[in-house]
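Every number in this text was worked out from the coordinates using simple rules, so none of it is lab data. The model shown is predicted, which means the values in this text are computed figures rather than measured ones. Cβ coordinates were reconstructed from backbone atoms using ideal geometry, including for glycine residues, and neighbour counts include every protein chain displayed.
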Amino acid sequence: MKHDDSATTENPSPLPIGSGLAFGGVGVAAFSFTVPLTRVAVADLDPLLVGVGRAVVAGILAVALLAIARPRVPRAGQWMRLAVAAGGVVVGFPVLTSLALTSTTAAHAAVVVGLLPAATAVAAVLRTGERPPTRFWVFAVAGAVAVGVFSSLGHGSFGPPRVGDLLLLGAVVAGAIGYAEGGVLARELGAWQTISWALVVALPVTTVVTAILTTRSTPTADGAAWAAFVYLSAVSMFLGFFAWYRGLAISPMTTVSQIQLVQPVLSLLWSVVLIGEGLSTAVAVGAAAIIACATCAVRSRPSTGSTSPAAPPRSAVPARSRRPRVSH
């Protein structure tokens, strides 16, 4: 097999849906710190630098990992799709949320970002043709509504739309597209390979923008802001996607995406611990409702033509190590 050929597996077998949910859960746990830590970082650092600079740090980590593991190089048609995924999760979502969090609270951001699971489900249907049953959409929409009510009652976030809300809605759309396209690519390339190549695709742009920002003004911040930036770079932008894209790759995306309904609950919990925001009884009741909606949604199976996909290619093994068997 040539180094740039598609990696293949022999007799791939479907994986239990629970495996995808487990990987997705790990990804959500990692991402749940993103909103509160972004709020910490942008308090001292330029929001554009936080949004773009973390992609540079993650891109450097990705280059190092790719150089060590040497997976197969994506095919010509996959590069454009990697650019789409990168535009969503490497540039769009982090930049737009960073800008929004300069004028809104982490709690209010959780209200809008809580729409991401439903948006991801829609993107997955459009991208893959999955056909979840009606009850799935009922619980997905109920979960999105519960997120809004939960965050609003607990933190007084109701109010007319503002610029920050529009930025967060843009982040939701970008994230949903990046998740769906990345999940499809992860079935072909592998999970960590997909986010690594996406970071590499975006690296020329993110590096130039970061260089311009740091040239105009030398970034200065306290230790907490820099620690938040490190987490956003290494985990939110890189390591968390190892598990998240793996989950989207091995189980129906519409199902796995609903685990993210729990993310605002965790994010607000971390906001209490890290930022000192209050926690009320209404928040606890709302959290229980959200978890119930997420549980019902993930138990709703696609009706037809959308069974759990086969295990993704084992392209983590470098192609150069798979040598053809020689007959004597």
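Dividing the convex hull volume of the Cα atoms of segment 17-114 by its residue count, what figure in Å³ per residue is obtained?
On the way: hull volume 13.4 nm³, N = 98.
Normalising the Cα hull of segment 17-114 by residue number yields 137 Å³.
Mind checking the full-extension length gain between Ile68 and Thr218? Use 0.36 nm per residue of separation minus the Cα-Cα distance, one decimal, nm. List each step's numbers first, then the result.
Numbers: separation 150, 0.36 × 150 = 54.00 nm, distance 3.26 nm.
Contour length minus Cα-Cα distance gives 50.7 nm.
At 0.36 nm per residue, and after removing the present C-alpha to C-alpha distance, how many nm does the segment from Ala211 to Ile60 gain when stretched out fully? Intermediate values should be presented prior to the final figure.
Details: separation 151, 0.36 × 151 = 54.36 nm, distance 1.44 nm.
In short, 52.9 nm is gained.
Once R0 is set to 45 Å, what does the formula 1/(1 + (r/R0)^6) return for the Cβ-Cβ distance between Thr102 and Ser19, expressed as a FRET efficiency to the nearest 0.05? Can you show the working numbers first?
Values: r = 39 Å, r/R0 = 0.87.
The formula returns an efficiency of 0.70 here.
How do 183-195, 162-174, 21-33 rank on mean C-beta neighbours within 10 Å, highest first? Display every interim value, and only then the final one.
Working: 183-195: 26.1, 162-174: 19.3, 21-33: 21.2.
Highest mean packing first, the order is 183-195, 21-33, 162-174.
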